[in-house]
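Visitor: Quick one: the structure is below, questions incoming.
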Amino acid sequence: MLTAFLRLASPIRLARTALVGGTALALAYTPMAAQAKELDVPYVPTPPEVVARMLDMAQVAPSDYVIDLGSGDGRIAIAAVRDRSAKGALGVDIDPARIAEAEANAKQAGVSDKVQFRNQDLFDTDLSQASVITMYLLPDVNMLLRPRLLDMPPGTRVVSHAFDMDDWDGDEVAHMGQRVVYLWIVPAKVGGSWRLEHQGQGSAAGPWTVDFQQSFQRLAGTARAADGSTLPVQGRLRGADISFTIGEGEKARRYTGRVDGQAMKPVPGDGIVQGWRAARR
Ligand SMILES: C[S@@+](CC[C@H](N)C(=O)[O-])C[C@H]1O[C@@H](n2cnc3c(N)ncnc32)[C@H](O)[C@@H]1O
């Protein structure tokens, strides 16, 4: 997938090529996260209509706190507060000239009380307050950030203009002409063994032992009944929302629920199993 990126012409990739002085050098360029004063990504602004789509996809609302990593002139952080009434936003940029520009823009937009800009290396930024992370960086920078993003609370939304995160598929991908926007919803961590119980008796009488193998938001695995028989499990996470099937074809039983730490509970819905609960073994 990375090779596909290297073939992809994009304004930001062309700008990085210019930044380091030529194609050969650009391909050999390595981000220098430890050297705080180097630019890991050149400045290229996101067009306003793409900013709007990023905020739409992340469903930015008044309860959100948005952090834009590499905030440039501040347009994403400012739009989150000005246009979506986010309760607050932070932009971080390593270039002090960009911070000064962003602060002036926030003042002009009348949102200085809710938007903060910080001259900081994005690799040093505390992300713990964010419910939404926005980025227009580069594939290798995204990949360096990926472990930290995956460790954020389930349901945190991450939107990236132009670049993906390799085998962590986007939960949504929007194409706008040549531009692409990716949305990820940080999945709950459910890999491992769970005890699944149903109320009362019936065809689902258990308990079952469900072993989930998790790859980002995708789930596979096995369910083992008390009599030792096994059935395949397939599923998916969207933040803390989980859906999975036990068995295959017409006999598959569909479960939809919510993960809360070491427990899962069903959500109401047609055609899905009710009256169950699961706990980590
Ligand atoms: C492509 S621009 C994106 C600007 C803005 N987010 C937007 O979409 O319009 C990337 C920004 O990241 C900043 N940047 C590059 N390396 C950085 C680093 N290590 N830490 C913080 N900011 C960095 C650059 O100064 C630049 O403003």
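Visitor: Sort out which residues of region 223-253 are closer than 14 Å to residue 196 by Cβ, open to solvent by less than 40 Å² (accessible area, probe 1.4 Å) and over 26 Å from the mean Cα position of the chain (by Cα), and write them in order of number.
Guide: If the condition is that a residue be closer than 14 Å to residue 196 by Cβ, open to solvent by less than 40 Å² (accessible area, probe 1.4 Å) and over 26 Å from the mean Cα position of the chain (by Cα), then 223, 225, 246, 247 are the ones that fit.
Visitor: Identify all residues within region 56-93 that are more than 10 Å from the ligand (Cβ to nearest atom), buried (at least 18 other Cβ atoms within 10 Å of the Cβ) and among the acidic types (Asp, Glu); write none if there are none.
Guide: Passing the criteria: only 64.
Visitor: Kindly provide the set of residues from region 254-270 that are over 19 Å from residue 190 (Cα atoms) and open to solvent by less than 60 Å² (accessible area, probe 1.4 Å), ordered by number. Walk me through it before giving the result.
Guide: Just the residues of region 254-270 that are over 19 Å from residue 190 (Cα atoms), to begin with: 268-270.
The one that is over 19 Å from residue 190 (Cα atoms) and open to solvent by less than 60 Å² (accessible area, probe 1.4 Å): 269.
Visitor: Sort through 273, 210, 181 and tell me the only one that's surrounded by 15 or more Cβ atoms within 10 Å (Cβ to Cβ) and in the same structural domain as residue 55 (by TED's automatic domain parsing).
Guide: 181
Visitor: Look through region 113-126, keep the residues that are in a loop (DSSP other than H, G, I, E, B) and more than 13 Å from the ligand (Cβ to nearest atom), and return whichever of them is surrounded by the fewest Cβ atoms within 10 Å (Cβ to Cβ).
Guide: Here the residue is 113.
Visitor: Ok, one more. Which residue pairs have Cβ atoms under 6 Å apart, sit 6 or more places apart or on different chains, and have a first residue in region 105-131 that is of a type in the set (Phe, Trp, Tyr) and a second that is assigned to a helix (DSSP H, G or I) and surrounded by fewer than 19 Cβ atoms within 10 Å (Cβ to Cβ)?
Guide: 117/103
Visitor: Can you find a residue that is more than 16 Å from the ligand (Cβ to nearest atom), among the aliphatic types (A, V, I, L, M) and open to solvent by 50 Å² or more (accessible area, probe 1.4 Å) anywhere in region 151-173?
Guide: Yes, there is a match, as at least one residue in region 151-173 is more than 16 Å from the ligand (Cβ to nearest atom), among the aliphatic types (A, V, I, L, M) and open to solvent by 50 Å² or more (accessible area, probe 1.4 Å).
Visitor: Do you know which residues across region 191-207 are modelled with pLDDT under 95 and touching an Asp or Glu at 6+ places or on another chain (Cβ under 8 Å)?
Guide: 206, 207
The values are calculated or read from the model by the stated rules, or taken from the named source; none is laboratory data. Nothing here was measured: the structure is a model prediction, and the numbers come from that model. Please note: Cβ atoms are built from the backbone with ideal geometry, for glycine as well, and neighbour counts cover all protein chains shown. Only protein heavy atoms, including side chains, enter the accessible area calculation; ligands, DNA and RNA are left aside. Shrake-Rupley method; radii C 1.70, N 1.55, O 1.52, S 1.80 Å.
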